[in-house]
Every structure is written in C-alpha cells, then in structure tokens.
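Let me begin by presenting the structure, written as structure tokens, before commenting on it.
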Amino acid sequence: MVTIRLKRFGRKKKPFYRVVAMHAAEKRQGAPLQELGYYDPIAKLLKLDLEATQTWVSKGANTSETVSRLIKLADGRSGEVIQLPKREPKPKAAPAPVQEEAPAAD
C-alpha cells in the first residue's frame, strides 16, 4: 500500500516538509518512491506536482489528512510556489457579564 504523506526536515521548532509517495509501512524518514513537492509551514509556502499526485491516487495510493488539505489549497496550480494565506487568530471569548444580586426583601 502506498501513502502520500509528509516527510519532516528542518531543525527543532523550524519544520520543513517534503510531500512524498512512500510505502505505508515505511518509517517517516524512510526512502520515498517519489518526491511530489514541499510545504513550509513557517513561511506558508507550498509547491506540489498535482499531476504526479493524481497519478499515484489513480494507482490506489491513499493521502494523509494534511496532504489532502494541501491538495485542496493548491487548487489546480501545479508546479508553482504558492503563498498560503495566514491563519486568522481565534477571537477571544468575551467575558460573561456579571449580574448583580437584587437586595433581599425582608
């Protein structure tokens, strides 16, 4: 079984990934069958050969969740470097308003 997944490079806290087709039983740093592109999450850059990816998928290869998301982000732009949009920070939840207690009626 062949899987299209990410292979990590870079150093500590500075990840860089290559998108590779490799046997599912192979270790993460194992020898790939083919390199299909790269993904830099720090600089938000993506380069992906969509034709080769589709060839592997048509042969029965599975894709990881992250690679599936990256294929959707590539959006038909095969072979060119894509600047991915920056993530919007999550909005902070507003604190719940404090209700004052009504004076107790005697």
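The values are calculated or read from the model by the stated rules, or taken from the named source; none is laboratory data. Because the structure is a prediction, the values reported are computed rather than measured. FYI the Cβ positions are ideal-geometry reconstructions off the backbone, even for glycines, and counts take in every protein chain you see. Note: accessible area is taken over every heavy atom of the protein model, side chains too, but ligands, DNA and RNA are not part of it. Shrake-Rupley method; radii C 1.70, N 1.55, O 1.52, S 1.80 Å.
Annotations for the structure displayed:
- Under the Karplus curve 6.51 cos²θ - 1.76 cosθ + 1.60, θ = phi - 60°, whole-Hz ³J(HN,Hα) for region 4-15, x wherever Gly or Pro sits: 9, 8, 9, 10, 7, 10, x, 10, 4, 6, 9, x
- The C-alpha atoms of the chain define a longest principal axis, and helix 65-74 lies at about 80 degrees to it.
- Under the simplified labelling scheme, the ASN62-MET1 pair shows an inter-label distance of 0.4 nm, with each label point 7 Å from Cα along Cα→Cβ.
- Scoring 85-98, 16-29 by mean Cβ neighbours within 10 Å over their residues and listing the highest first yields 16-29, 85-98.
- The chain, accessible area per residue, ligands and nucleic acids excluded (1.4 Å, Å²): 76 Å²
- Surrounding net charge for ARG18, when Lys and Arg each add one and Asp and Glu each subtract one, Cβ distance under 9 Å: +1
- Carbon/sulfur fraction of accessible area - the chain, other protein chains in place, 1.4 Å, %: 53 percent
- Mean ellipticity per residue at 222 nm, deg cm²/dmol - from DSSP H runs of n ≥ 4 across the chain, formula -39500 (n - 2.57): -5000 deg cm²/dmol
- Here the spin labels are modelled as points 7 Å beyond Cα on the Cα-Cβ line, and at ARG8 and ALA43 they lie 2.1 nm apart.
- Filter on LYS27/LYS92; LYS14/LYS72; LYS59/LYS86; LYS12/LYS90; LYS13/LYS86 - keep pairs with C-alpha separation over 29 Å: LYS27/LYS92; LYS59/LYS86
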